[in-house]
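Here the structure is laid out as structure tokens; the discussion comes afterwards.
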Amino acid sequence: MYTATYQHRRSEIEHYFDRTAAQTWARLTSDAPVGRIRATVRAGRDRMRATLLSWLPEDLHGRRILDAGCGTGALAIEAARRGAEVVAIDLSPTLVALAHERLPESLGTGSVHFCSGDMLDPALGHFDHVVAMDSLIHYRAHDVVAALSRLAERTRHSMVFTAAPRTPATMAMLTVGKLFPRSDRSPAIEPIAPAELRRLMAADASLAAWHTGRYQNIAAGFYKSQALEWVRT
């Protein structure tokens, strides 16, 4: 079952990315010129995407991947070019429509199926790997672990995802963000320490067959995030 906090935040995220920030996100994820601050965010996201992709097998032929929170589809397209069958889902129909527009005519032997909805929907099926780049950063730690636990039930090998780091810089950015008018704010990120995730993971019986893997902190100007890997034993 979804928790009340997960459902509430999911609704906020859908509204923000589908309406308030759709045009901004479309520009940020393109090669169009952007300001200095957004340029650092773009660079950081590029590094993070490359990191998460590098944690998947180089040859993805025969692998089924869930891109949970696909945005405009950059990661899904790269995985498909390596031979994967990718199911790419996002809460925002507007961003999914843009991802469709950006889909290349040919992906070789790989494929991408874009759809809008909840990444936890069991109707999406089973996967070899799950990737969740910057889609869990708005949820509280217990909701992150609960979401990954549900995904783990349908994942054969690994889950790679991002979480907002709990650092002085991140906390300062959160404080500054609260100064903006509420209508201009994105849904707040929820900084999480890796040790907290491990503690909650250890307490979840359904994750007994999983262990933590690689970790990478990525900071580029106003983009600060941490990449984490969970692997099925």
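The values are calculated or read from the model by the stated rules, or taken from the named source; none is laboratory data. Given the structure is predicted, the values throughout are model-derived calculations rather than measurements. Every residue, glycine as well, gets a Cβ built from its backbone with ideal geometry; the counts of neighbours run over all protein chains shown.
A few points about this structure:
- Number of positions in the stretch 70-112 that are without any contact (Cβ under 8 Å) to a residue 12 or more places away in the chain, of a type outside the set (S, T, N, Q) and in a loop (DSSP other than H, G, I, E, B): 1
- Scanning the stretch 152-192 for residues that are at pLDDT below 95, in a helix (DSSP H, G or I) and not polar (S, T, N, Q) turns up PRO168, ALA169, MET171, ALA172, MET173, LEU174, VAL176, GLY177, ARG182, ASP184.
- The residues in the stretch 197-233 that are of a type in the set (Asp, Glu) and in a strand (DSSP E or B) can be counted, and the count is 1.
- Considered as a group, the residues in the stretch 28-41 that are closer than 22 Å to GLN216 by Cβ and out of contact with any Phe, Trp or Tyr (no Cβ under 8 Å at 6 or more places or on another chain) include one that is surrounded by the most Cβ atoms within 10 Å (Cβ to Cβ), and that residue is THR29.
- Residues in the stretch 113-151 that are of a type in the set (Gly, Ala, Ser) and either touching a Phe, Trp or Tyr at 6+ places or on another chain (Cβ under 6 Å) or part of a strand (DSSP E or B) (or both): SER116, ALA132.
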